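Let me begin by presenting the structure, written as structure tokens, before commenting on it.
The values are calculated or read from the model by the stated rules, or taken from the named source; none is laboratory data. Everything numeric in this text was worked out from a predicted model, so none of it was measured. Note that each Cβ is placed from the backbone with ideal geometry, even for glycine, and that neighbours are counted across all protein chains shown.
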Amino acid sequence: MEKQELRKQIRAAKRAVPFCEKLSRSATIMQQVEALPQFQQAKTVLLYWSMDDEVQTHDFVNRWYKEKTLLLPCVDGDELRLRQYTGPECMTQGEQFGIGEPTGPEYTDTDKIEMIIVPGVAFDRKGNRLGRGRGFYDRLLKTTPNAIKVGVAFDFQMVEQVPTEPLDVPMNKVISETPCLK
């Protein structure tokens with residue numbers, strides 16, 4: 001299946017799930033992330049401030065930001081800049097996509113990032129990821145070769161095979177609601 005067709009198929013599946021159910025499913029996924037030894041040991045974690053159709057991260061971010069250095073991406077043209085989340089009051093609406101972004105200085109010490117929790121449109125069991133098509137995360141993930149990359153997805157985002165290209169960066173692990181789908 002081609003990337004655009006797969007994106008269309010997953011977009012329809014996302015629309016079919018009510019937001020309250022996405023919240024419940026997200027809690028199950030993020031509990032599995034919290035249980036990972038790599039997460040428990042990590043001091044610096046990069047994740048994302050979720051949009052309504054993604055695995056929800058807001059509660060997770062607010063639960064952990066006082067114990068770990070949590071970084072969130074900010075869209076700057078065609079790149080993602082990183083800033084530390086220091087609490088709900090640090091958030092502002094991003095200019096390009098209206099996604100919440102932290103204010104404050106840019107975080108540039110990418111060697112200290114130990115884990116990255118990555119959203120996606122679809123994932124497969126080999127760790128391949130299909131994004132929204134702009135390459136933001138693939139460019140960012142190339143700058144953090146030592147960090148463990150963990151994709152998070154609803155079960156319906158897990159597919160048999162994600163079409164890949166040489167620039168795509170695979171995940172080390174993918175977590176969905178059902179552990180056997182990883």
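What residue, among those in the stretch 65-99 that are of a type in the set (A, V, I, L, M, F, W, C) and touching a helix residue (DSSP H, G or I) at 6+ places or on another chain (Cβ under 8 Å), is farthest from residue 136 (Cα to Cα)?
Residue satisfying both the conditions and the ranking: 70.
May I ask you to list the residues in the stretch 162-182 that are assigned to a loop (DSSP other than H, G, I, E, B), out of contact with any strand residue (DSSP E or B) (no Cβ under 6 Å at 6 or more places or on another chain) and either in contact (Cβ under 8 Å) with a residue 60 or more places away in the chain or surrounded by 19 or more Cβ atoms within 10 Å (Cβ to Cβ) (or both)?
163, 169, 177
Being among the polar types (S, T, N, Q) and either over 16 Å from the mean Cα position of the chain (by Cα) or at positive phi (or both) is the requirement here; does residue 164 meet it?
Here the answer is yes, as residue 164 does meet what is asked.
Quick check on the stretch 66-109: of everything there that is at pLDDT 85 or above and on the phi > 0 side of the Ramachandran plot, which residue is nearest to the chain's Cα centre (by Cα)?
87
Of all residues in the stretch 110-137 being in contact with a Gly (Cβ under 7 Å, 6 or more places away or on another chain) and at pLDDT below 90, which is farthest from residue 14 (Cα to Cα)?
Filtering the stretch 110-137 for residues that are in contact with a Gly (Cβ under 7 Å, 6 or more places away or on another chain) and at pLDDT below 90, the one farthest from residue 14 (Cα to Cα) comes out as 137.
State all residues of the stretch 147-161 that are part of a loop (DSSP other than H, G, I, E, B) and either touching an Asp or Glu at 6+ places or on another chain (Cβ under 8 Å) or on the phi > 0 side of the Ramachandran plot (or both); if no residue qualifies, say none.
147, 154, 159, 160, 161
So in the stretch 100-113, with the set limited to residues that are part of a loop (DSSP other than H, G, I, E, B) and out of contact with any helix residue (DSSP H, G or I) (no Cβ under 7 Å at 6 or more places or on another chain), which one is nearest to residue 33 (Cα to Cα)? Spell out how you get there, then give the answer.
As a first pass, look at the stretch 100-113 and keep what is part of a loop (DSSP other than H, G, I, E, B): 103-105, 107-109, 113.
Those left that are additionally out of contact with any helix residue (DSSP H, G or I) (no Cβ under 7 Å at 6 or more places or on another chain): 105, 107-109, 113.
Numbers: 105: 27, 107: 23, 108: 24, 109: 23, 113: 16 Å.
Among them, the one singled out is 113.
When only residues in the stretch 46-58 that are of a type in the set (D, E, K, R) and surrounded by 11 or more Cβ atoms within 10 Å (Cβ to Cβ) count, which is nearest to residue 150 (Cα to Cα)? Please lay out each step first, then the result.
Applying the first criterion (of a type in the set (D, E, K, R)) to the stretch 46-58 yields 52-54.
When the remaining residues are screened for being surrounded by 11 or more Cβ atoms within 10 Å (Cβ to Cβ), the result is 53-54.
Values: 53: 18, 54: 14 Å.
Of everything passing the filter in the stretch 46-58, 54 is nearest to residue 150 (Cα to Cα).
Which condition number in (1) closer than 27 Å to residue 143 by Cα; (2) modelled with pLDDT of 95 or more; (3) basic (Lys, Arg) is the one that residue 22 fails?
Result: residue 22 passes all but (1).
Name the residues in the stretch 3-45 that are exposed (fewer than 14 other Cβ atoms within 10 Å of the Cβ), of a type outside the set (A, V, I, L, M) and either under 15 Å from the mean Cα position of the chain (by Cα) or not in a helix (DSSP H, G or I) (or both), would you?
18, 31, 34, 43
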